[in-house]
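Just passing along the structure, written as C-alpha cells.
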Amino acid sequence: MVDLVPTLRSLTVHFEPEAVEAEALGAQLLALAGAPGADLPAGRHWRLPLCAEPAFAPDLGELAERLGLRPEAVIDGLCRAVLQVGLIGFMPGFPYLIGLPQALHLPRRATPRTRVPAGSVALAAGLCGVYPWDSPGGWWLVGHLPLPLFEADHPQAPAWLAAGDRLSWQPVEAAAHAALAADWAAGRLRREDFLMPEDA
C-alpha cells in the first residue's frame, strides 16, 4: 500500500498492483473493516482562539436567525463542544470537525462565495471547518482563527491537526485576535502553545 485517503464514510487505498493481488488485498481490508474496533490512541487536544466579532463573522446573524438562536448562543454552543477531526481534506490543512451540537446543524449556504478568507471558521451540514487558505466556499462564516493551520515549511507535519485530534474553541475579542496574529507573525508563538497541557 502506498497511500490511504480517508473520508468520513470511506477509505481509498492506493497500492502497487505488481506487489499485491487486488482481490486478496480487498478481502483483507474488508475483514479488517468488519473486525471489532480496536482502542485507538486519542489524538492531541487543541484549544484555539475564535473571534466572532461582526467583521470576522459575516454569516453569524443570518445563521443564528435560521436556527432560532441568538448569535451569542451559537458561539457559546460552538465553544462548549469538544470537536474531533474526522479528516483533513478539500485543501491542505482543512479540518472536517465532527461533534457539532445538533442545534447548530444547517445545510450549506444556497450561494457559495467566490472567496473565503484564510482562517475563517465555518459551519455546514453538521460540521465545523477552518479555511487554511483563501478559497471559494459555501459554508456559513461564524468567526476567525488568527493562526495558520498549515505551515508548508514545517519539517515534520505541515498541517497542525490530524484525524482523531480534538479541538475546543476559546472565544476572544478583536484586540486579542490582533495580538495573537501579531505574536505569531513575530515568532513569539509556536503551535505547541495551543495544545492542552496534557498534550503539550
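The values are calculated or read from the model by the stated rules, or taken from the named source; none is laboratory data. The structure presented is a predicted model; accordingly, all values stated were derived computationally and were not measured. In this analysis, Cβ positions are derived from the backbone assuming ideal geometry, glycine residues included, and neighbour counts consider all displayed protein chains. Heads up: the accessible areas ignore ligands, DNA and RNA and are worked out on the full protein's heavy atoms, side chains in. Shrake-Rupley method; radii C 1.70, N 1.55, O 1.52, S 1.80 Å.
Check the stretch 41-58 and report whether any residue there is loosely packed, with under 10 Cβ neighbours inside 10 Å, modelled with pLDDT under 80 and over 30 Å from residue 195 (Cβ atoms).
no
Test residue 176 against the criterion of being on the phi < 0 side of the Ramachandran plot, out of contact with any helix residue (DSSP H, G or I) (no Cβ under 6 Å at 6 or more places or on another chain), at pLDDT below 95 and of a type outside the set (D, E, K, R), and give yes or no.
No.
Considering only residues of the stretch 71-120 that are of a type in the set (Lys, Arg) and not in a strand (DSSP E or B), which is most open to solvent (accessible area, probe 1.4 Å)?
Taking the stretch 71-120 first, the residues of a type in the set (Lys, Arg) are 80, 108-109, 113, 115.
From what is left, the residues that are not in a strand (DSSP E or B) are 80, 108-109.
On the way: 80: 180, 108: 139, 109: 54 Å².
Only one residue fits best here, namely 80.
Against the definition (surrounded by fewer than 18 Cβ atoms within 10 Å (Cβ to Cβ), of a type in the set (Asp, Glu) and within 18 Å of residue 167 (Cα to Cα)), how does residue 153 come out, yes or no?
no
While we're on this one: When the stretch 121-137 is examined, which residues are found to be under 21 Å from residue 151 (Cβ atoms), open to solvent by 10 Å² or more (accessible area, probe 1.4 Å) and assigned to a loop (DSSP other than H, G, I, E, B)?
132, 133, 134 - these are the residues of the stretch 121-137 that are under 21 Å from residue 151 (Cβ atoms), open to solvent by 10 Å² or more (accessible area, probe 1.4 Å) and assigned to a loop (DSSP other than H, G, I, E, B).
Can you tell me which of 192, 198 is over 19 Å from the mean Cα position of the chain (by Cα), outside any loop (DSSP other than H, G, I, E, B) and charged (D, E, K, R)?
Step by step, each of 192, 198 is checked, and only 198 is over 19 Å from the mean Cα position of the chain (by Cα), outside any loop (DSSP other than H, G, I, E, B) and charged (D, E, K, R).
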